[in-house]
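Right, one structure below, let's go through it.
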Amino acid sequence: MVLPFPPRRLFQVYPQSKIYFPHFDLCPGSNDIHHHGQKVVKAIDSAIKHLDNIRGCLSELSDLHAYNLRVDPVNFKFLTRCIHVTLASSLRGEYNALAYLAYDKLLCFIGEVLTEKYR
């Protein structure tokens, strides 16, 4: 099953997040959104594959977002919400309370790791 990419929903629901993507074509279906969505999914996949060392796995990504891009940490919470909605709308009945809790624990920890450098 191919899931819609969460960044598309992020830009629709939280338009203030667009300020971090001034060079992107933010029209629905754009290649820029698609490619960034792939990066988000790959980062989550990498975190899942390295559950024993998520901090190390996402360290470079954390540095990039904190020091270079200076993304407001609240955007990671926004993206987590969008991922939940995307999963729920795509997986429907398979995305039950247990699946929600498991994904929420993972996504919240990823968000925590990505915002550690802000402290």
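The values are calculated or read from the model by the stated rules, or taken from the named source; none is laboratory data. What you see is a predicted model, and the numbers here were worked out from it, not measured in a lab. Glycine also receives a Cβ, built like all others from the backbone with ideal geometry; neighbour counts cover every protein chain displayed. For accessibility, only protein heavy atoms count, side chains too; no ligands or nucleic acids. Shrake-Rupley method; radii C 1.70, N 1.55, O 1.52, S 1.80 Å.
One table, with the values for the structure above:
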{"item": "Accessible surface, the chain, averaged per residue in Å² (probe 1.4 Å)", "result": "64"}
{"item": "Spin-label pair LEU26/ASN53, simplified geometry with 7 Å Cα→Cβ offset, distance in nm", "result": "3.7"}
{"item": "Square roots of 5 times each gyration tensor eigenvalue, C-alpha, the range 6-104, largest first, Å", "result": "22, 19, 12"}
{"item": "Virtual spin-label span in nm between ARG119 and LEU61, 7 Å along Cα→Cβ", "result": "2.0"}
{"item": "Relative contact order (%) - criterion: Cα under 8 Å, at least six apart; region: the range 1-89", "result": "40"}
{"item": "Helical segments meeting 18 Å axial Cα length and Kyte-Doolittle -1.0 threshold in the chain (DSSP H)", "result": "31-49, 74-91, 97-115"}
{"item": "Charge dipole (the chain, unit charges on Cβ, about Cα centre) - positive-most of LEU114, ILE48, TYR100", "result": "TYR100"}
{"item": "Inter-label distance, nm, simple model (7 Å from Cα along the C-beta direction), ASN68/ARG92", "result": "4.1"}
{"item": "Length released on extending from LYS42 to TYR100, taking residue separation times 0.36 nm less the Cα-Cα span", "result": "18.9 nm"}
{"item": "Portion, in percent, of the accessible area of the chain that falls on carbon or sulfur, probe 1.4 Å", "result": "58"}
